[in-house]
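Student: Before I ask anything, here is the structure I am working with.
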Amino acid sequence: MTISRRHFLVGTALTTSALAIPTMLTAQGKPKVVVIGGGAGGATAARYIAKDSKGAIDVTLIEPNKEFTTCFFSNLYIGGFRTFESITHSYKTLESTHGIKVVHQMATGVDRAAKSVTLGDGTKVTYDKLIVAPGISLKWDSVPGYSAEAAQMMPHAWQAGPQTQLLKSKIDAMKQGGTFVMVAPPNPFRCPPGPYERISMVAHVFKEKNPKAKIIILDPKEKFSKQALFQEGWQDNYAGMVEWIPASLHGGVKSIDPATGKIETDLETFTADVANIIPAQAAGGIAKTAGLTNDTGFCPIMPASMQSQVDENVYVLGDSSIAGDMPKSGFSANSQAKVCANAVRGALTGSKVFPAKFSNTCWSLIDTDNGVKVGANYVAKPEKITKTTGFISKTGEDSAVRKATYEESLGWYSGITNDIFGS
């Protein structure tokens, strides 16, 4: 399956084609949709509701950051294939072209009974329908000794922005022949940025600038997505540099010391010159505050619409949702947002609601022009979002195929960021 920028935009337009919008305004005026979170899920949903309702719905997007840095392709920035500016995007077009009110504040509370969102300055924003897409929160205590403060010495770089820049600066400055240690996350986790693509990009930097460096992965898992592809790529391109150690061998991380770089396991105590600690994850904090999570830490949804199982007037997208077979990726969030936008628009204006269909592809770069991918299509079944078809790159592929896969990812990035931000 090959995805170009044109195919991505045409396909998404077809699945959310706007029909004539009946006028069904509330007594107070236009129905109001509030979206919390301006990432691949939230910004897409806001844009499609505003665009396809043709002004019939008032849309407010709440996002504390004035610019959004994508987690997808952030590994390519670490590897030197992208600039930081190229993965950072503005909300200006959403405001100027689509009439979305973008509020750069933190959402601190949700009163579901009153149907209002409280902002950091105490202002309350009312809604008819609320879309919650806050990404992830990090479970600091899942790695003994880790904390928000420790992340300034041992960055996670799992929320793109300053943390990504910090990790890159540490990698670029690591002493010759030093050791880079990643503590990989347990399932389920946000991906991208994929841990194993990140390892590939770190190895790419070391191959050019620090060829005697060592990379160690302490993994709480026994296997990972695209494992054969990555391990083949590490052997072919970075022989002897990368060592992957599953939990059955290291026995678990017992403690970390950010001051000394020591990471203690049952196997041995590793000393990192640069450490990338990626803790376990849960739904973004506002989702828990709003009472939308269950005992998994994530939010159960209705597969056909992304509607919360807790509240019929709330929808949850992307990393915070329990989306069945779908991974927690930017592509997934963007796909879910279009299904959600169609459902919300239908509920508020009476427009046609199409059957829910979802898709995802995750590309990874192993080395220059050496791209691999995995993806699938999904449908909404009563019990969960269910995979129907899938594909994955093969080991031993010709270099021309790998180059074409990488180039396909470039077209996709251009297409999806235009689809999200309208620029």
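The values are calculated or read from the model by the stated rules, or taken from the named source; none is laboratory data. As the structure is a prediction and not an experimental result, all values here were calculated from the model. Glycine gets a Cβ as well: all are built from the backbone with ideal geometry, and neighbour counts include every protein chain shown. The protein model used for the area step is the full one, side chains on, heavy atoms only, and it has no ligands, DNA or RNA in it. Shrake-Rupley method; radii C 1.70, N 1.55, O 1.52, S 1.80 Å.
Student: Could you tell me which of Val143, Phe206, Val353 has its Cα farthest along the dipole of the chain towards the positive end, charges placed at Cβ (Lys, Arg +1; Asp, Glu -1), taken about the Cα centre?
Tutor: Val353
Student: When the C-alpha atoms of the chain are aligned to their principal axes, what extent does each axis show, in angstrom, from largest down?
Tutor: Sorted largest first, the three principal extents are 69, 47, 39 Å.
Student: Right, here's the next one. Quick one: 3J(HN,Hα) in Hz for segment 218-225, Karplus 6.51/-1.76/1.60 with θ = phi - 60°, rounded, Gly and Pro as x.
Tutor: Running phi through 6.51 cos²θ - 1.76 cosθ + 1.60 with θ = phi - 60° gives 9, 10, x, 9, 9, 7, 8, 4 Hz.
Student: Want the number for Lys223 to Thr271: 0.36 nm per residue separation, take away the alpha-carbon distance, what's left? Intermediate values should be presented prior to the final figure.
Tutor: Numbers: separation 48, 0.36 × 48 = 17.28 nm, distance 2.41 nm.
Stretched fully, the Lys223-Thr271 segment lengthens by 14.9 nm.
Student: So for segment 139-278: antiparallel DSSP bridges make up what percent, rounded to the nearest 5? It would help to have the intermediate numbers written out before the result.
Tutor: Numbers: 7 of 20 bridges.
Beta bridges within segment 139-278, antiparallel portion: roughly 35 percent.
Student: Pull out the extension gain between Glu232 and Thr93, defined as 0.36 nm times the separation in residues minus the alpha carbon to alpha carbon distance; nm, one decimal. Don't skip to the answer; put the middle values down first.
Tutor: Values: separation 139, 0.36 × 139 = 50.04 nm, distance 4.23 nm.
Extra length from Glu232 to Thr93 when fully extended: 45.8 nm.
Student: Using alpha-carbon positions, what is the distance between the centroids of segment 232-273 and segment 78-118, in Å?
Tutor: 36 Å
Student: Also, quick follow-up: Would you mind telling me the share, in percent, of accessible area of the chain contributed by carbon and sulfur at probe 1.4 angstrom? Display every interim value, and only then the final one.
Tutor: Details: 8860 of 16960 Å².
The computed percentage sits at 52.
Student: Sticking with this structure for a sec: Which order, highest average first, do 46-58, 169-181 follow once you tally other Cβ atoms within 10 Å for each residue and take the mean per peptide? Could you put the intermediate results ahead of the total?
Tutor: Working: 46-58: 22.1, 169-181: 16.6.
My ranking of the peptides, most packed first, is 46-58, 169-181.
Student: Separation between the Asn187 and Lys139 pseudo-spin-labels, each 7 Å from Cα along Cα→Cβ, expressed in nm?
Tutor: Here the answer is 1.5 nm between the modelled labels.
Student: Accessible area per residue for the chain in Å², computed with a 1.4 Å probe and the full protein assembly in place, what is it? If you can, show how the numbers build up before the last one.
Tutor: On the way: 16960 Å² over 423 residues.
On a per-residue basis, 40 Å².
Student: Excluding same-chain residues fewer than 8 positions from Lys394, which aspartates and glutamates have a Cα within less than 15 Å of its Cα?
Tutor: Glu232, Asp236
Student: Using only the alpha carbons of segment 321-423, determine the length spanned along each of the three principal axes and report them from longest to shortest in whole angstroms.
Tutor: 50, 34, 20
Student: Given the C-alpha centroids of segment 361-400 and segment 121-184, what is the distance between them in whole angstrom?
Tutor: Going from one Cα centre to the other spans 26 Å.
Student: Mind pulling up the Rg/Rh value for segment 139-278? Radius of gyration and Kirkwood radius, both on Cα. Walk me through the intermediate numbers first.
Tutor: Values: Rg = 13.8 Å, Rh = 15.0 Å.
That ratio is 0.92, to two decimals.
Student: Under 8 Å for C-alpha pairs, at least 6 residues apart: give me the relative contact order for the chain, rounded to a whole percent. Numbers along the way, then the final one.
Tutor: On the way: 912 pairs, mean separation 87.6, N = 423.
Once normalised by length, the contact order is 21 percent.
Student: Further question on the same structure: Give Lys168/Lys338; Lys124/Lys357; Lys129/Lys381; Lys30/Lys124; Lys207/Lys403 a once-over and call out the pairs whose C-alpha atoms are over 28 Å from each other.
Tutor: Numbers: Lys168/Lys338 33 Å; Lys124/Lys357 34 Å; Lys129/Lys381 23 Å; Lys30/Lys124 18 Å; Lys207/Lys403 20 Å.
Pairs exceeding the cut-off: Lys168/Lys338; Lys124/Lys357.
Student: While we're looking at this one, here's another question. Can you give the extra length, in nm with one decimal, that the chain gains between Ala114 and Lys207 once fully stretched, where that is 0.36 nm per residue apart less the Cα-Cα distance? Display every interim value, and only then the final one.
Tutor: Values: separation 93, 0.36 × 93 = 33.48 nm, distance 5.71 nm.
Gain in length upon complete extension: 27.8 nm.
Student: Here is a further query. Under a plain spin-label model, where a point goes 7 Å from the Cα along Cα-to-Cβ, how far apart in nm are Gln176 and Thr83?
Tutor: For Gln176 paired with Thr83, the spin-label model returns 3.1 nm.
Student: Let me ask another. Calculate how many DSSP beta bridges within the chain are antiparallel, expressed in % of all such bridges and rounded to the nearest 5. Kindly include the intermediate steps, with their values, before the conclusion.
Tutor: Details: 42 of 73 bridges.
If we restrict to bridges inside the chain, about 60 percent are antiparallel.
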